Every structure is written in structure tokens, then in C-alpha cells.
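The values are calculated or read from the model by the stated rules, or taken from the named source; none is laboratory data. What you see is a predicted model; the values in this text were computed from it and never measured. Quick reminder, even Gly has a Cβ in these numbers, built from the backbone with ideal geometry, and neighbours come from all protein chains shown. Side chains are part of the model used for accessible areas, which takes the heavy atoms of the whole protein and leaves out ligands, DNA and RNA. Shrake-Rupley method; radii C 1.70, N 1.55, O 1.52, S 1.80 Å.
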Amino acid sequence: MTLLGSIHNPRIFSADLAPGAAAEIPLADPARFIHFTLILEKISSTQLDLLRQAVSSGGVAESAAGGRALLSATQSQFDAIIARLADPDLADLLRSTIAAYRRCSWTIRSANKSLELGPTPILMGIVNVTPDSFSDGGLFFDTGRAVAHALELAASGAAIIDFGGESTRPGSPEVSAEEEAARVLPVIAELRRQSSVWISIDTRKPSVARAALDAGADLVNDISALADPDMGKIVARAGCPIVLMHMQGTPATMQLNPVYEEVVADVCRELRLRLARAVAAGIDPEQTIIDPGLGFGKTFDHNLALIARLRELRSLGRPILVGSSRKAFLGRLLGNAAPADRLLGTIATCLWTRAAGAAIFRVHDVAEVAAALNVGAAVERGDRR
Ligand code: PMM
């Protein structure tokens, strides 16, 4: 089941006061005004009938195309629907999905520290120790330079540094595990010696992840979301957090012809399966982070739909990481700008997705995005005043 969206922090303003006299009317009972619309997938006609009976006290249940149903109600109406629903499994699903959607704070833990996600945006600074990444390839293909850059990003506000030793740009060839490890391990070990910043290893390979964790990494960023079953075992044994990113295909083929029935629902569904796979491998669900995988088997339109409707991923109940930084779809929106000239697009998408509830932002330009997100945070606080 996927959530379609909701209205937060509802405020009512009197429409007919004299100019200058507009006043906010406090809501005594916000639950009567907070509104949710859910898409229920694969719902049977019996379940739909039961839903229709249960909404008689308020709300709307309608069948939609593709064996789906739409359920729309305020939060207090949902409480009544759940209480009246004569199908306990469906009632549980509604209750848990709404609770997951409303969650807005999480804590991830590594061996000796923890990081709160949600209340303030967290920046993950990118350092690609590769000769060929699309944006910073070759710049940090040297231990000293990679560590210096990582320290600079941490000083600029990155709580996490993400090291990658294999380019995943569309059509890129695979690198052997030995080569990938040789690129990232010295960098991770040296940064660990010099700093307590969170270190993330961006890899699809279980052996690289294990060696990186041994060298001092805190978190695994797996763009294949446990495609290799050994990855789950390694992360479970280490007890570390993991980013599960959505990708259609592999980097070699993913941009040839990505096809979805309905991209947001399809990505939600697949991430739900990957979360279940993580739990089946013994990974603590509280240590999981999800990511829609912008640019990974997605057309221009798919990327924009995922950004516009990012909110729906919140129905999975896990913190969301967004990696829009300098990606090709931004180049197109900015008049064919080169990767290094896509900062304004990066900032715009970070602010937009932050407002939709994203928790972590994986970016190249940490100082600039941090400044923009600070403005966004001040606006968020203003909304509560
Ligand atoms: N994008 C890239 C690499 N790794 N990891 C996550 N979790 N999310 C992303 O969007 C992502 C990623 C490709 O960008 P890069 O070549 O600049 O690292």
C-alpha cells in the first residue's frame, strides 16, 4: 500500500477580516483537519466492500484503475474507520502505514556513536576515489587529496562522508573487488585516524563493505539494495546502518530504456521488498535508510515524479536519503549545464525534498547546500511560531 500525500500543520486563516487584521485561528483538534489519501493496492472486492461500510462515518473509499482503491479521510475519520473495519489485517495495515508516514525522527547507530535523523537535515558529503565518476572523477584519486577533501567537507557541515571506489555513472564498466578495495581502504583508514566523522562506504560488493567496516567505516551505502545476499549477512553481523537505494537494472544498462508502470508506486513497492529482505537477513530495521535512486534506471520524467511525490516514500516509515547532486536531469533543467555548474538545481531539489520530509542529502557542494538548508530550517521553524 502506498500513501499518496497529506497536508501537514493545517492552519486556518479567517478570510474576511479587514486588511492587516488577519489572524491565525489555533486548531483545538488538528486530527480533525489533517487529511490523508491512501492508495491500496491489490485490494479484493470483499475488502473494498468492508472499507465502504467502515467509511460511512466519514471519508471516501473508491475503486481506482489497476485493482487499486483510494481511501481519503481525516486522521480522526481514519481512527473511526480502523475501529469499525471488519477486516483486522486491513485495519492493521492502515494503522501501521499512517503511523509510519507520520514518523519524523530516527536514530542510527554505529559501534561508538549515534546520529539523529529527521529533526535537522543531515548532509552526506561525496568523495569518489575513482578516475571516472561523472562529476568528481580523477579529482580525489589519491589518498592524501581524498582525505583532505573529506576533512574539508566535514568542516563545512557534512555529518557523513561517503566514499566510493567504483563509478556508477550510466554505462560505466565494473571494477574488480580488489581494485575497488585498494582505492578506498587507505582513505577510510586515514580519515578514521584523523576524524570521528561518520564514514560511509558506497559499494555493491560484500567483500569491499566488510573490509571498509574493518578499516573504520560506520555505514554501508548499497546502491543495489542487497542484490548480493552476502551483503545482508555482513551488515547484519556488523550491526551497522545501511542505505537501500532503488535502481532498475545495473549501472551498465540502467539508462537504456527504464520502464515503470507507475514510477512512484513501483519504487515504493520495490523498496518495501528490499526492507523485508534486509530484515530477513538479520539487519535491525531501525538501521535502514531508503533512497529513491535518482538517475538510476530513471528517465528525466521519472526523476521529477520521484522528487515531486517523495512524500509517498514516507509510508515505509524509514528515513529518506536523496541523491540529486549535480545529476544529469538537473543539467537539462539548467540549459545543458555541465556537472560542476548544477549547484542551483542541487539546492532547489534539496530544499524541495527537505520540505517533503527527506532526512539525508548526498551532495558534492556541502557548504553551499548547508547554507541553503539552514534557510529552509529557519522557514520550518517560522511555521511553528
Ligand atoms: N548516486 C551516485 C552514487 N551513489 N548512492 C546513493 N545512496 N544515492 C545516490 O543517489 C547515489 C549514490 C552517483 O553519483 P556520484 O557519481 O556523484 O557519486
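Odds and ends about this structure:
- Charge dipole (debye, nearest 20) of region 106-383; +1 at Cβ of Lys and Arg, -1 at Cβ of Asp and Glu: 440 debye
- Of the residues Gln77, Gln53, Gln248, the one that moves most in a GNM of the chain with alpha-carbon contacts below 10 Å is Gln53.
- Counting protein heavy atoms only, region 23-73 has 56 percent of its accessible area on carbon and sulfur, 1.4 angstrom probe.
- Rolling a 1.4 angstrom probe over region 237-296 with all protein chains present gives an accessible area of which 55% lies on carbon and sulfur atoms.
- Proximal lysines to Lys113, defined as alpha-carbon separation beneath 24 angstrom and excluding residues fewer than eight positions away on the same chain: Lys233
- Beta bridges by DSSP in the chain, antiparallel share as percent, to the nearest 5: 45 percent
- Phi angles of region 372-377 translate, via the Karplus equation with coefficients 6.51, -1.76, 1.60 and θ = phi - 60°, into HN-Hα couplings of 5, 5, 5, 5, x, 5 Hz per residue; Gly and Pro are given as x.
- When only the Cβ of Lys, Arg, Asp and Glu is charged (+1, +1, -1, -1), the dipole of region 161-313 relative to its Cα centre reaches about 180 debye.
- FRET E, pair Asp214, Glu179, Förster distance 22 Å, beta-carbon r, rounded to 0.05: 0.75
- Taking the Cα centre of region 255-364 as origin and assigning +1 to Lys and Arg Cβ atoms and -1 to Asp and Glu Cβ atoms, the resulting dipole is close to 200 debye.
- Listed by chain and number, the aspartates and glutamates whose C-alpha is less than 17 Å from the C-alpha of Lys205, apart from same-chain residues fewer than 8 away, are Asp162, Glu166, Glu174, Glu178, Glu179, Glu180, Asp214, Asp218, Asp222, Asp228, Asp230.
- Using a cutoff of 8 angstrom between alpha carbon atoms and counting only pairs six or more residues apart, the relative contact order for the chain works out to 15 percent.
- Spin-label model distance (nm) - Thr107 vs Ala348, 7 Å beyond Cα toward Cβ: 3.9 nm
- Net charge over other residues, Cβ less than 14 angstrom from the Cβ of Arg109 (K, R count +1; D, E count -1): -3
- Share of carbon and sulfur in the accessible area of region 136-199 stands at 53%, probe radius 1.4 Å.
- Of the residues Gly164, Thr120, Gly232, the one whose Cα sits farthest toward the positive end of the charge dipole of region 97-250, with +1 on the Cβ of Lys and Arg and -1 on the Cβ of Asp and Glu, is Thr120.
- Excluding ligands, DNA and RNA, the accessible surface per residue across the chain is 44 Å² with a 1.4 Å probe.
- Structure-based [θ]222 nm, the chain - -39500 (n - 2.57) summed over DSSP H runs of at least 4, per residue, nearest 500: -12500 deg cm²/dmol
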